[in-house]
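The structure under discussion appears below in the form of structure tokens.
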């Protein structure tokens, strides 16, 4: 069965006369699925059990095949040439008496593995055919023609917790109290205000003066207001110093900062 | 017809035994995508078969089983027994959170019952969609209360025992008041400036704003 | 989960008699074209049913009939008897013709699973084209198995339930001639001595561990 299929595969690419002449000399290497496929075909022409195939003879045939293909100026894929080189090497190993100093596997081991590979490939082909020869679904046996599909009934239940309920209620009842957030500016003395104020005052600062005396009215009693005014007055002083309008000095860390008009 | 000549030719061979014909009918009915007429069946079976008789046997065999041989028009088919229809359904229960609109509506009903639809709308500030109320009615969390003695005698809504059971309440009066909600941290803000809007103040007419909000309510669902 | 509570609830009721369970299995299997697992079946049957036992009865009942109860992996299905295939010419689905490469690749995967691409290439002696594997994946005859614990952690391929169903196999263990192949040592992953030219170089040397895994895997399935 496999045999038949296999021969058929070849027949497509090889004229019968040529095949009869030398099955090994099939030049259309595209008809083969790689060197192992060629070797398997060559091996089968020896008409023996693959386990007893003569690897020597096989190597000879393969090398002849590659040689012939090359003469016909067929471009051989690299793996065909690699196989050829390896088989030539194997052949030499098989023919020459083993060199005890040489490392690596013996010729026999290599030959045995090649035989194993060929036998395994052959076996897989036979079993592939056995598999395909089985009764197949949709060809020999059949599934239900009118499947009654399972209908999926989706039932949705809704739920809520007491917390959801109370939060929902709270949300509604407090909706009117919503006030967009805005900064409370009552206790803020901005740097712009401080700058404006100081510009009008520094003209009188001929001598060193503590900048804390520049805090505006109404910002000297409440702590929050003092903080805000101090910060903005200090920042405004720096700005004025940068502009070259005043000089600043501080005798010590945390000592009062003093300013003086720069002329 | 050629059928006749064929018949004569083939009648040399005996028809398969009836048990075998029954098997054939069974396989054909099972695998064919449509109901099959007797004629079609016989056309497919070996010559000399009596599909009607084979079918009668098959029908009997399937009596009381999980599958039946049924007549569909003038054709035959196999169908699962009707009493096993439940096996052909796979019910999945999905639990979803109530929409915000539904929760708010429910909250208002529970805190203000008995309450009319107009009152709910006034408190929520948006109109209440029919679907929301229907859903709550269907869940049996609310029901109709008695009509209000106001013009138009509007129906009211009250919560049900099912509602109380679900939320683990003895009565709707057990629901925490605003003050307690605030104490529990459920309200972030200051107490409302004015008094609470009175239930039964009449139907405030919904402006464009409310309508727009109504849209969002629909999407929420 | 809610399933558990449901189970507890229902365990108050006795499971239906086995004859009834058999009917249920029959209806479920009859209704679907796809194999159904025991688990799925029991999920659809009333609580307490023993689908495995019901199926054993059912299988026996259908022995020799036009339709059979077959096991596919860990699932069950009803299929027409193969000897009646001739009646079903109309139902025959023309499957895409597989290339020789695809058939061989499929065979290698089924007999050697789980198997890496490199191993397939070593056995076939040529590289496996992407299209071949893609085609088999697309047909849902093969799928990715777990990665091999070898350098590079290559993905493996295994056959699917669809494959088993298509070829009428209960499990991958029932592949034709599997025993003989194993006895002949042809399913062994024999590393090449020295430097044998490898197609699709790479993970040629699988450890002993991987080999042991190979063998056991087929038995496990």
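Since every read-out is calculated from the coordinates, none of them should be taken as a lab result. Owing to the predicted nature of the structure, the values given are computational and were not obtained by experimental measurement. For neighbour counting, all protein chains shown are included, and Cβ atoms are generated from backbone atoms with ideal geometry for every residue, glycine included.
Across the identical copies, the 7 Å label point of residue C:140, projected outward along Cα→Cβ, sits 4.2 nm from its counterparts, in ascending order. Cα centroids of region A:194-239 and region C:111-155: 82 Å apart. Note on residue B:113 and residue C:140: the model spin-label points, each 7 Å out from Cα along the C-beta direction, lie 5.2 nm apart. Across the identical copies, the 7 Å label point of residue C:185, projected outward along Cα→Cβ, sits 7.6 nm from its counterparts, in ascending order.
Exposure proxy shown here: for B:103, B:109, C:18, A:202, the number of other Cβ atoms within 10 Å sets the order, fewest to most, as C:18, A:202, B:103, B:109.
Ranking of B:174, A:252 by neighbouring Cβ atoms within 10 Å, starting from the fewest: A:252, B:174. Take every Cα pair under 8 Å whose residues are at least 6 apart in sequence, average their separation, divide by the length of region B:14-86, and the relative contact order is 33 percent. With R₀ set to 45 Å, the beta-carbon distance separating residue B:39 from residue C:97 gives a calculated FRET efficiency near 0.85. In terms of Cα atoms, the Rg and Dmax of region B:14-86 work out to 12.1, 45 Å. Sorted shortest first, the distances from the residue C:38 label point to those of the same residue in the other copies are 4.4 nm; each point sits 7 Å from Cα along Cα-to-Cβ. Full extension of the chain segment joining residue A:70 with residue A:85 gains 4.0 nm, where the gain is 0.36 nm per residue of separation less the Cα-Cα distance. In terms of surrounding Cβ atoms within a 10 Å radius of their Cβ, B:99, A:92, A:232 rank from fewest to most as A:92, B:99, A:232. Peptide C:69-80 is shielded by partner chain Cβ atoms: per residue, an average of 3 of them sit within 10 Å of its Cβ.
Between residue A:242 and residue B:14, the simple label model (points 7 Å from Cα in the Cβ direction) yields a spacing of 11.7 nm.
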